[in-house]
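What follows is a set of notes on a single structure, which appears directly below.
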Amino acid sequence: MIPEFKSFFNPTLEFFDDGDIHTKKEVSLANAKYFDLSDDELKESTSKGYSRKYKNRSDWAVNYLYHAGLLERKKRGLYIITDEGKKVLNQKTLIDIEFLEQYESFRLFKNGKDKEQQEDSKIGTNSEDKEEVLSPTERLEEAHNEINEELSNTILNEIMNNTPDFFERLVVDLLINMGYGGSRQEAGQAVGKVGDEGIDGIIKEDRLGLDNIYVQAKRYKKGNNVNGDALRSFSGALDTKKSNKGVFITTSDFTPGAIKHVKESSKHIALINGDKLTELMIKFNVGVSVKDTYEIKELDIDYFEN
């Protein structure tokens, strides 16, 4: 398991104890060796998959130490230890967020508040614990995941409180936004058969209609999971349609027996449970709208080199 974010501060500063200038890449490789990370740990990504977790935490450790004045940036991407950094090393101090906050430059870097304001803003929250465990990138990704998780629960509640006809339209809209079914009119004609709290029908796999996909969707309450018998019936329906491809969508989930049947079947059947359904709706903007946008930017190296 990759150590918490705060665990990267001391080995990062110790790496600069030789007094030489180093890059972030050198630091991350040294930290990987220091923590004796396995091959799987070296490949582990942050939740959104944008970067390697150990490298992300190592890079941010360098940033934090730099803003606290323990490291100096000689030029772009090159760092060296400062006198204050050497002093901290000689004192064998355990470096964490609370320790770094004694430096005014670090406090200003974080949020521009003085120490008293920072302490007041933390009352009743666990933000301090997260600062110790996760890098800023990971905290941002975690917050994004929490917002989407709450949104997913709200979406499922709205689906269950609506009509089967609405669910039919929702599934069609989702498949179209994902690139299936051609136009809305064509997709509606293809699906359009209302079943018991769900829909059954065929939809075009692509805009040219070169192949068809059989779709079944069940608007089931949480806990009422789709079982193996339902998937076997669905496979039989594919045979009657002379189709080898199908999508089974449910607002609940699938039993182990249902999943096993799909794995062992010669047909290509995609299973979409409630969690996956809301994830796709959010990704392809079905039933949701963008409230705020936050851009994450990085240095344009070419600009400064030219």
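The values are calculated or read from the model by the stated rules, or taken from the named source; none is laboratory data. Predicted, not measured: the structure shown is a model, and the values here were computed from it. Cβ atoms come from the backbone with ideal geometry, glycine included; neighbour counts cover every protein chain shown. Just so you know, the surface numbers come from the protein's heavy atoms only, side chains and all, with ligands and any DNA or RNA stripped out. Shrake-Rupley method; radii C 1.70, N 1.55, O 1.52, S 1.80 Å.
Of all residues in segment 133-140, at least one satisfies being open to solvent by 70 Å² or more (accessible area, probe 1.4 Å) and at pLDDT 80 or above.
Go through segment 14-30 and report how many residues are over 17 Å from ARG57 (Cβ atoms) and part of a helix (DSSP H, G or I). The number of residues fulfilling the criteria is 2.
For segment 63-114, which residues satisfy the criterion of being open to solvent by less than 70 Å² (accessible area, probe 1.4 Å), part of a loop (DSSP other than H, G, I, E, B) and within 17 Å of PHE8 (Cα to Cα)? Selection gives ALA68, GLY69, LEU70, THR93, ILE95, ASP96, GLU101.
Considering SER7, SER45, SER38, SER51, which residue is touching a strand residue (DSSP E or B) at 6+ places or on another chain (Cβ under 8 Å), on the phi < 0 side of the Ramachandran plot and either hydrophobic (A, V, I, L, M, F, W, C) or free of Cβ contacts under 8 Å to residues at least 40 places away in the same chain (or both)?
Within the list SER7, SER45, SER38, SER51, the selection yields SER45.
Restricting the first member to segment 287-302 and to residues that are loosely packed, with under 10 Cβ neighbours inside 10 Å, and the second to residues that are at pLDDT below 75, the beta-carbon pairs closer than 9 Å and six or more apart or on different chains are ILE296/TYR50; LEU299/ARG76.
State yes or no: is LEU42 open to solvent by 20 Å² or more (accessible area, probe 1.4 Å), among the aliphatic types (A, V, I, L, M) and more than 26 Å from the chain's Cα centre (by Cα)? No.
To keep it simple, each residue is scored yes or no on (1) in contact with a helix residue (DSSP H, G or I) (Cβ under 8 Å, 6 or more places away or on another chain); (2) open to solvent by less than 60 Å² (accessible area, probe 1.4 Å); (3) more than 22 Å from ASN157 (Cα to Cα).
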{"site": "GLU205", "(1), (2), (3)": "no, yes, yes"}
{"site": "LEU210", "(1), (2), (3)": "no, no, yes"}
{"site": "VAL215", "(1), (2), (3)": "yes, yes, yes"}
{"site": "LYS218", "(1), (2), (3)": "yes, yes, no"}
{"site": "ASN224", "(1), (2), (3)": "no, no, no"}
{"site": "LEU231", "(1), (2), (3)": "yes, yes, yes"}
{"site": "PHE234", "(1), (2), (3)": "no, yes, yes"}
{"site": "LYS241", "(1), (2), (3)": "no, no, yes"}
{"site": "THR251", "(1), (2), (3)": "yes, yes, no"}
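Go through segment 289-306 and give me each residue that's over 18 Å from the mean Cα position of the chain (by Cα) and either β-branched (Val, Ile, Thr) or in a helix (DSSP H, G or I) (or both). Hits for segment 289-306 are ILE301, ASP302, TYR303, PHE304, GLU305.
State yes or no: is GLU279 of a type in the set (Asp, Glu) and in contact with a helix residue (DSSP H, G or I) (Cβ under 9 Å, 6 or more places away or on another chain)? The answer is yes for GLU279. Among residues that are outside any helix (DSSP H, G or I), in contact with a Phe, Trp or Tyr (Cβ under 9 Å, 6 or more places away or on another chain), modelled with pLDDT of 85 or more and open to solvent by less than 30 Å² (accessible area, probe 1.4 Å), ILE269 is included.
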